[in-house]
Each structure stands twice: as C-alpha cells, then as structure tokens.
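First the structure, in the form of structure tokens, and then the observations on it.
The values are calculated or read from the model by the stated rules, or taken from the named source; none is laboratory data. No experiment lies behind these values; they were computed from the predicted model shown. Here Cβ is always computed from backbone atoms with ideal geometry, including for glycine, and neighbour counts include all displayed protein chains.
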Amino acid sequence: MESNPRIPFRLSSDRPPLEGPDGKRLIVHVAMNIEYWPIERPMPRGIIPAPHGAQPAPPDVPNFSWVEYGMRCGMPRMLDMLSRKGIAASAFVNAQVADVYPSLMAAVIDAGWELVGHGWFQQSLKQVEDEADTIRRSLDRLEKAGGKRPRAWLGPGLGETADTPDLLRAEGIEFLHDWVLDDLPTWIRTKHGPMIGLPYTFELNDVPVYAIQNGSTDEYLKRVEATLAVFERELRDQPRVLTLALHPHIIGVPHVAHFFEQALDLLLARDDTVFMTSSPMGEWFAAADPHGAETVR
C-alpha cells in the first residue's frame, strides 16, 4: 500500500545525494503569482470582511481593489527590484492576464521571466466545467503571448482533480509545483509517463504569512533567516530549494517590500546560492537524478 498514488514516499534523509547546479547547493526560486480576479465574480480571498459578516455580492470593491493594487503598483515595484538585482522570476500567471492586463504581460515578458501555467483566471481546476479544455486554452494563450509553450504549471490554489497530472502531462507539461511535500524536486507518476514535481511553499508564501497568519511587517525576512539557519546543516549533504512564493498585492506593498528586499540581499550575499526559474530547475534535477524516473513508471 502506498500513501501517495503519485509520488512514492521516501524520507528526505534516504534520498541519494545530488550535485547542485554549477556546484551551488542553495537553489532560490522566486515565484510570482500574477492573477486575474474578475470583478463580476466573488473574490477568491479578502483582506477585509464585509460589514456585519454578510458575504458581499459582486462587485466586492474593497477586496477587488486590494488585488488590483498589486497589478498596478506592486508589479512595477517588484519588476524594478528584481531587475536591479539581476534576478529573473517565474511568473505563475493566469492566462487571461494577457488579455485583461496586456501592458503588464508585456513587461513580464520583457523582463525575461519564465511563464508558468496557472489556469485561465483565478479559479481552481476543481471548479471548471472542462478541465482538459481549461488547461489547453491556458497553455495556448501563454504560448501566443510569450512565443513558447510553458513547460511548468501551478494550479490556482494548488487545486487538482484526480486526473490533473495526467491531463497536464498529456499537454506537454514537464514540471508541476502543486505537490508541496519536499525541499527537493521529486518524480511524479502519470498515465503518460513520469513528470517532475518541483517544490513550492506555504511557509515562505506571503498569503499565509500576511493574509492568514497576520504576520508582522518583517515576518518574511525573519522566516528566510530562520530557514537558512536550519538549511545550513543540511546543505553539507544535499542541495535545498528555497522557494519565495509571492503575490504582488501582498509582497508588493511598500512596508512588506522593504523587508523582502533585505531577504533578497541576504541570499545574494551568499556564495553557495543560485537563482533559478521553474524549467531550468527541472532540467537540473532530471540530469542530476536520471534514473529516478524509473521509480514512477
């Protein structure tokens, strides 16, 4: 009996040692979730509850504005910050952003960020009428926008049905971020052959930190520092992936961005750090663990 139908269980301490990319053992992944929340629909999340606890009918102006601030102001702030530091991010992007926010999509592409599939708009794949069509349409639109078909995917809300990895693999997706269960990539079993599960995070994710757990302004920096303190011991034996999971309406507000920039500077000051986006990370793992795919065939 297996606990996990997609990824066989293995203690992290039992994994064979891997050689880090270019000899670097700390892989840092900046993952920016760029999402379209349609104003005519209920908001996926809110920063402020409705008066008297009533569920607001659309338009939910305060919570829509919270998110669109990120698109208007947070994204330029983050694009500038990462550009000044020479860091390319993965853009986990709803495909409809290309139509609703075309100037933003153009800025992301011009910055050299990798486009990663993230649904059509911010709606879980569990809720769509035709999952296969939503996946295909999303990838087609991002390919049209960016000139090449995405190789990686993160589901909106990490939502999957029992068929999602099979459908994604059939559409050519090689790398999947939904399975948040290891500090290193893993091999995933699908009906169409192995695919690679890439790390994501809830612990260094600005939504839980600030929108759910009500972290202090400097909480993200403190968590990066504490994570590095533990990783220091583990990096002697094995690489580690440090994912910075971000949303522009949260990480892009000035008081949070201030401390996030300090976290980036802390990582940049290390000599064992390499910043990677999704597909290069997946390529590294496939080369570093070439026989692992056989375990999920």
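On inspection, Ile47 fails the criterion of being modelled with pLDDT of 95 or more and either under 23 Å from the mean Cα position of the chain (by Cα) or on the phi < 0 side of the Ramachandran plot (or both).
Here's the yes/no breakdown for (1) over 17 Å from the mean Cα position of the chain (by Cα); (2) closer than 17 Å to Gly74 by Cα; (3) modelled with pLDDT under 95; (4) exposed (fewer than 13 other Cβ atoms within 10 Å of the Cβ):
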site: Pro239; (1), (2), (3), (4): yes, no, no, no
site: His247; (1), (2), (3), (4): no, yes, no, no
site: Asp271; (1), (2), (3), (4): yes, no, no, yes
site: Met276; (1), (2), (3), (4): no, no, no, no
site: His291; (1), (2), (3), (4): yes, no, yes, yes
site: Thr295; (1), (2), (3), (4): yes, no, yes, no
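For segment 130-165, filtered to residues that are part of a loop (DSSP other than H, G, I, E, B) and among the basic types (Lys, Arg), the residue that is farthest from the chain's Cα centre (by Cα) is Lys148. Condition first: outside any helix (DSSP H, G or I) and either touching a Pro at 6+ places or on another chain (Cβ under 9 Å) or among the small types (Gly, Ala, Ser) (or both). Now tell me which residues in segment 248-290 satisfy that. Within segment 248-290, Gly252, Ala269, Val274, Met276, Asp289 qualify. Only residues that are outside any strand (DSSP E or B) and surrounded by 18 or more Cβ atoms within 10 Å (Cβ to Cβ) were counted in segment 172-193, giving 10.
Tally time: how many residues in segment 53-92 are of a type in the set (Val, Ile, Thr), surrounded by 14 or more Cβ atoms within 10 Å (Cβ to Cβ) and over 14 Å from Val30 (Cα atoms)?
1
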